[in-house]
Amino acid sequence: MLLALLLALAPTDTIRYAVSFPNAAHHEARIVADFPVGGRDTLEVWMSRASPGRYALHEFAKNVYDVTVTDPSGHALRVVRRDPYRWLVVARGRAVRFSYTLFGDRADGTYAQIDPTHAHLNIPASFAWARGLESRPVAVRFEPPAGSAWRVATQLVATADPLRWAAPDLTYFMDSPIELSDFALRSWTVTGPAGRIDTIRLALHHEGTEAELDAFAGDLEKVVAEQIGIFGESARFDHHVFTFLADYLPWASGDGMEHRNSTVLSASGALARDAVLLLRTASHEFFHSWNMERIRSAEIEPFDFTRADPSHGLWFGEGFTNYYDRLAVRRAGLLSDSAYAVLVAAVVNDVTLAPGRRFFSPMEMSLQAPFVDAATAIDPTNQANTFLSYYTWGAGVGLALDLTLRGRFERKTLDGFMRLMWERFGRPPRRYGLRRTYTVDDLERSLGEYAGDAAFAREFFARYVRGREAPDYGALLAQAGFLVRPSQPGAAFAGALELIPDSAGAVVGSGTIAGTPIYAAGVEAGDRILSAAGTPVRSEPEWTALLAAHAPGDEVPLVFRQRGREVRANLGLAPVPSVDVIPMELAGETPSEAQRAFRTAWLGSRAALSP
Ligand SMILES: [Zn+2]
């Protein structure tokens, strides 16, 4: 409504893009941007260096070329280049027409892919924008290739013309990925408080069958209902519509990316093979419509497209979302207790064993995002020993907080805390464009108020969020009748060792992990293991056989070649440190009444509880 008004009142203020695909087979689009400069002498046109939800620098200008800069009647304007991502246009008050070719061949949440089957456009990767014009309305017109059956799926605002779309400002435009293809569409509605109705759409570009799509859409509907049960309502989509934009194609790359009223889901797999995995990603991104898109960290708002955007809150925004993505799939009845327990065990092992915990807390790990989140560099890092993903660690903190709240307080759960965060920081205020954001201090304070125990919140944050402690998962999970026990009792452990065979035997592939016997023995990537316990080691099966012949506590003489020298060391074998998490029933034990009730309250469906 507001948008229509803006466009009607100020048509000459609108930034207009025209997008065509004269060379789709070679992954090119031609984009013409018309910027009304409003009397400015110069205009600064940018290609973004960062994209919201991805934290590394991506330098999208690298795929832009054949740039021409003119006024609307085609007269060339002078352009000054001071860096590779910016064009300083001497406009002298004239409107600027900025035309360029975009190359893109990666379909995921960050980049663009143009080919004869589709144009998959992440906006910061695709569209040049002008500094100072961020609050102007945006209009986009598409010209699909002749003879194609392409239609448009996006959270942009529809107009009467199915090939013309609009956004109220640059922030909304940048947040609105676009899929042009002959996609299949499914939709359903969800009813919220006070009769509010939202439509959920699934636009899927794939090579599978209609029956596979129907089954997937049915499962997704259940997961969506579970999440709405947690918050009590949808995330109040701006135009009462949320769209899953999915590309499950052999030429797509695995990813999921959150936006306010849509998400990009991409995978090289297919529904026939990977439905549960793909469902977990869809679950993750839908949860972000509350936690990240609306319950939003102050540190990434407003998002700066010209640099890396750091945040101390990713353990919450990503990690708690990670905790809930599989929990919602479990509650929807699409994972068994034991399958869910396997996912819990992976988190417990990572959080408990990761050597990165020696150096950084979850808050500090969040700041590492620009170095790990789709970042590329050619020099090696020591991340295997210094990094523990804020996704995993945050999921581990979420698990511990949920189980602690449930065990220690009457009728308090992480669901309840998330709902409070939604009410305080997420639910959109009445006036358009107003946003409340949170800091980590706000999270701690809100937890104290929710639990009615500020000291509890202070201690929990001090130990597990600002600090680096691992929670006691054995005790926490026992409340729900899950056992945490050694995964391979009695077996000997040396630490992960990748051996790459070559003509002379085998070379150590990746770096070893601090805290393991093989690390303590001094073995590193590139070394050649010559013998262990006097026997040659030329392959991974030989190494596995050696371990199987020994017990924890054994000392094994090890000979290896490292950077031209022969090294002799003693390998002190240890017990396998990882654990399994299993329902007690699988170990032949009977959970108590209290354990059963705890598990049902935690893992049972909440969909029926929504408003
Ligand atoms: Zn995420």
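Table for the structure above
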quantity	calculated
Residue in the range 150-171 that is nearest to residue 135 (Cα to Cα), counting only those that are of a type in the set (S, T, N, Q) and either open to solvent by less than 70 Å² (accessible area, probe 1.4 Å) or in contact with a strand residue (DSSP E or B) (Cβ under 6 Å, 6 or more places away or on another chain) (or both)	155
In the range 127-149, the residues that are touching a residue at least 24 places away in the same chain (Cβ under 8 Å), closer than 14 Å to residue 21 by Cβ and surrounded by fewer than 21 Cβ atoms within 10 Å (Cβ to Cβ)	141, 143, 144, 145, 148, 149
Set 58, 75, 120: member being open to solvent by less than 30 Å² (accessible area, probe 1.4 Å) and more than 20 Å from residue 375 (Cα to Cα)	120
Residue match in the range 19-32 (condition: open to solvent by less than 20 Å² (accessible area, probe 1.4 Å), on the phi < 0 side of the Ramachandran plot, β-branched (Val, Ile, Thr) and more than 31 Å from the chain's Cα centre (by Cα))	no
Single unsatisfied condition, residue 64 versus (1) open to solvent by 30 Å² or more (accessible area, probe 1.4 Å); (2) farther than 18 Å from residue 13 by Cα; (3) touching a residue at least 40 places away in the same chain (Cβ under 8 Å)	(1)
Within the range 579-602, considering residues that are more than 22 Å from residue 327 (Cβ to Cβ) and touching a residue at least 40 places away in the same chain (Cβ under 8 Å), the one surrounded by the most Cβ atoms within 10 Å (Cβ to Cβ)	589
Inter-residue pairs, beta-carbon under 8 Å, first free of Cβ contacts under 8 Å to residues at least 24 places away in the same chain and in the range 552-565, second open to solvent by 70 Å² or more (accessible area, probe 1.4 Å), 6+ apart	555/570
Helices (runs of 4 or more DSSP H) contained entirely in the range 360-425, each with at least 1 residues that are more than 16 Å from the ligand (Cβ to nearest atom), of a type in the set (D, E, K, R) and buried (at least 17 other Cβ atoms within 10 Å of the Cβ)	390-408, 414-421
Matching residues, the range 281-311, being more than 16 Å from the ligand (Cβ to nearest atom) and buried (at least 21 other Cβ atoms within 10 Å of the Cβ)	305
Verdict on residue 245 being open to solvent by less than 10 Å² (accessible area, probe 1.4 Å) and either over 22 Å from residue 52 (Cα atoms) or away from the ligand (no atom under 16 Å from the Cβ) (or both)	no
Subset of the range 315-330 that is of a type in the set (D, E, K, R) and either at pLDDT below 95 or open to solvent by less than 10 Å² (accessible area, probe 1.4 Å) (or both) - its residue that is farthest from the ligand (Cβ to nearest atom)	325
Candidate set from the range 34-51 (those that are in a strand (DSSP E or B), over 30 Å from the mean Cα position of the chain (by Cα) and touching a residue at least 60 places away in the same chain (Cβ under 8 Å)); member that is surrounded by the most Cβ atoms within 10 Å (Cβ to Cβ)	43
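Residue by residue, here is whether (1) of a type in the set (Asp, Glu); (2) in a loop (DSSP other than H, G, I, E, B) holds:
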residue: 58; (1), (2): no, yes
residue: 74; (1), (2): no, yes
residue: 114; (1), (2): no, no
residue: 120; (1), (2): no, no
residue: 134; (1), (2): yes, yes
residue: 140; (1), (2): no, no
residue: 147; (1), (2): no, yes
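The values are calculated or read from the model by the stated rules, or taken from the named source; none is laboratory data. Owing to the predicted nature of the structure, the values given are computational and were not obtained by experimental measurement. All Cβ positions, even for glycine, are placed from backbone atoms using ideal geometry, and neighbour counts span all protein chains on display. Areas reflect the complete protein model, heavy atoms only, side chains present, ligands, DNA and RNA absent. Shrake-Rupley method; radii C 1.70, N 1.55, O 1.52, S 1.80 Å.
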